[in-house]
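**Q** My questions will all concern the structure given below.
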Amino acid sequence: MEHHNPLEQFAIQRIVPLHIGGIDVSITNSTVFMVLAIALITLFLTLAMRSGSLVPTRWQSMAELSYEFIGNMIRENVGNEGRRYFPFIFSLFMFVLFCNLLGLIPYSFTVTSHIIVTFALAAVVFIGVTIIGFIRNGAGFLRLFVPSGVPIFLLPLIIVIEFLSYLTRPISLSVRLFANMMAGHTVLAVFGGFVVALGILAGWMPLAFIVAMIGLELIIAILQAYVFAILTCIYLNDAFHVHH
Amino acid sequence: MTEDPSPPPPEEFANRLRDLRKQVDGDNGAVDKPAAAAPGSAMGLAFRVGIELASGLVLGGGLGWLLDRWWHTSPAMLILFFFLGAAAGMVNVFRTAREINRRD
């Protein structure tokens, strides 16, 4: 009991130590769960769509539902031009979703509870959207920072604020996912400790709380994957339709 | 539905999709509104808005601190960018709130 720290679950452990050119590229528990998530997604989608029948089976309809879900999300938030980026957003959504869900299995590791992972994902989105915006609009993309109808003497201040607001996107995108996952898992672990500490007499109370909490965490896991994907769509929309 | 070796051109695909959607929409009215009304949304909303505000502060503070280090102007830039970051955070909160209102 004395070794059980609620934050211990987030520790990165090297499973296969590897050093290439002085860079630590060890295979860690984080790596394993990322690969596991990708393998499960591939397995789920290929196996579910194997028959590809017109009247879907249960698995096929799950795969089609997730496809439709992201397809509609892009259609509603970006429009038809966004369909080209469907593979990226779908992969992003499925990866975050599976990492979140895998993390809910006891004794597993939650990849998305590390800010470096979520920040890397958010940075890819941010840099990608910025590049797409400049490719599609040229210098006109900079109009994003100039809202219309602002008095000229306020413009310098507004531009700086708009620019900072644009730069906060990767931070808020990554922190939101990371904080939600980490907070939930920490609360679960803390209450797990209460169960042990209170023993057989009162331990059932935190245990009941954990059961309810797991349900909430399941919602949050799905919701955060959804939020991550929809915000990516909203940012992508800015790259296509520059207006404020 | 057999696998087509080459996908149709995007425009054709878009047209087919639109026609199909029209058929489906005609059949059963409103289709596919994604479950935007998030469950447990009060806490989620607070979380979301709070993070928007905090990320502005963090970015402003961090940027100001960096500029101070480069230009040796400590603490002028830190103070300036802290407030600019706070303003950016508030802009974010405002946008988020507006977007949530529109979604409902």
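The values are calculated or read from the model by the stated rules, or taken from the named source; none is laboratory data. These figures come from a predicted structure and were not determined experimentally. Methodologically, a virtual Cβ is constructed for each residue, glycine included, from the backbone with ideal geometry; neighbour enumeration extends over all protein chains shown. Just the protein is used for accessible areas: all its heavy atoms, side chains included, with ligands, DNA and RNA removed. Shrake-Rupley method; radii C 1.70, N 1.55, O 1.52, S 1.80 Å.
**Q** Might you let me know whether the stretch A:191-198 holds any residue that is modelled with pLDDT of 90 or more, in a helix (DSSP H, G or I) and within 12 Å of chain B (Cβ to nearest Cβ)?
**A** No, the stretch A:191-198 contains no residue that is modelled with pLDDT of 90 or more, in a helix (DSSP H, G or I) and within 12 Å of chain B (Cβ to nearest Cβ).
**Q** Hey, among the residues in the stretch A:137-160 that are within 14 Å of chain B (Cβ to nearest Cβ) and without any contact (Cβ under 8 Å) to a residue 12 or more places away in the chain, which one's surrounded by the fewest Cβ atoms within 10 Å (Cβ to Cβ)?
**A** Result: A:P156.
**Q** Where residues in the stretch A:1-56 are of a type in the set (S, T, Y) and part of a loop (DSSP other than H, G, I, E, B), which of them is nearest to the chain's Cα centre (by Cα)?
**A** A:S26
**Q** Restricting attention to the stretch B:44-66, which residues are farther than 17 Å from A:L177 by Cβ and more than 10 Å from every other protein chain (Cβ to nearest Cβ)?
**A** Listed by number, the residues that qualify are B:G61, B:G64, B:W65, B:L66.
**Q** Still on this model: I'm trying to understand the selection: among the residues of the stretch B:38-66, which are assigned to a helix (DSSP H, G or I) and exposed (fewer than 14 other Cβ atoms within 10 Å of the Cβ)? Give the steps one after another, and end with the answer.
**A** Of the stretch B:38-66, the ones assigned to a helix (DSSP H, G or I) are B:41-66.
Scanning the stretch B:38-66 gives B:A42, B:M43, B:A46, B:L66.
**Q** Does A:F163 fit the bill of being within 24 Å of A:L97 (Cα to Cα), within 14 Å of chain B (Cβ to nearest Cβ) and of a type in the set (F, W, Y)?
**A** no
**Q** If the requirement is being among the acidic types (D, E) and under 30 Å from A:F163 (Cα atoms), which of these qualifies: A:E68, A:E81, A:E64?
**A** Values: A:E68 fails: under 30 Å from A:F163 (Cα atoms); A:E64 fails: under 30 Å from A:F163 (Cα atoms).
Result of the check over A:E68, A:E81, A:E64: A:E81.
**Q** Same structure, new question: Please pick out the residue among A:S113, A:S108 that is touching a Phe, Trp or Tyr at 6+ places or on another chain (Cβ under 9 Å) and surrounded by 18 or more Cβ atoms within 10 Å (Cβ to Cβ).
**A** One residue alone meets the criteria, A:S113.
**Q** Looking only at the stretch A:226-236, decide whether some residue is away from chain B (no Cβ under 14 Å) and either hydrophobic (A, V, I, L, M, F, W, C) or crowded, with 17+ Cβ neighbours inside 10 Å (or both).
**A** Scanning the stretch A:226-236 turns up at least one residue that is away from chain B (no Cβ under 14 Å) and either hydrophobic (A, V, I, L, M, F, W, C) or crowded, with 17+ Cβ neighbours inside 10 Å (or both).
**Q** I need the full set of residues from the stretch B:67-97 which are more than 12 Å from every other protein chain (Cβ to nearest Cβ), open to solvent by 50 Å² or more (accessible area, probe 1.4 Å) and part of a helix (DSSP H, G or I), in order please.
**A** Those that are more than 12 Å from every other protein chain (Cβ to nearest Cβ), open to solvent by 50 Å² or more (accessible area, probe 1.4 Å) and part of a helix (DSSP H, G or I): B:R69, B:W70, B:W71, B:A76, B:L78, B:I79.
**Q** To continue, here is another question. Which residues, counting only those in the stretch A:71-124, are under 20 Å from A:I220 (Cα atoms) and assigned to a loop (DSSP other than H, G, I, E, B)?
**A** Within the stretch A:71-124, A:L104, A:I105, A:P106, A:Y107, A:S108, A:F109, A:T110, A:H114 meet the criteria.
**Q** Can you tell me which of A:L54, A:L43 is modelled with pLDDT of 90 or more and open to solvent by 80 Å² or more (accessible area, probe 1.4 Å)?
**A** The conditions single out A:L43.
**Q** Restricting attention to the stretch A:57-76, which residues are over 23 Å from the mean Cα position of the chain (by Cα) and open to solvent by less than 50 Å² (accessible area, probe 1.4 Å)?
**A** Keep residues of the stretch A:57-76 that are over 23 Å from the mean Cα position of the chain (by Cα), which gives A:57-61.
If the condition is that a residue be over 23 Å from the mean Cα position of the chain (by Cα) and open to solvent by less than 50 Å² (accessible area, probe 1.4 Å), then A:Q60, A:S61 are the ones that fit.
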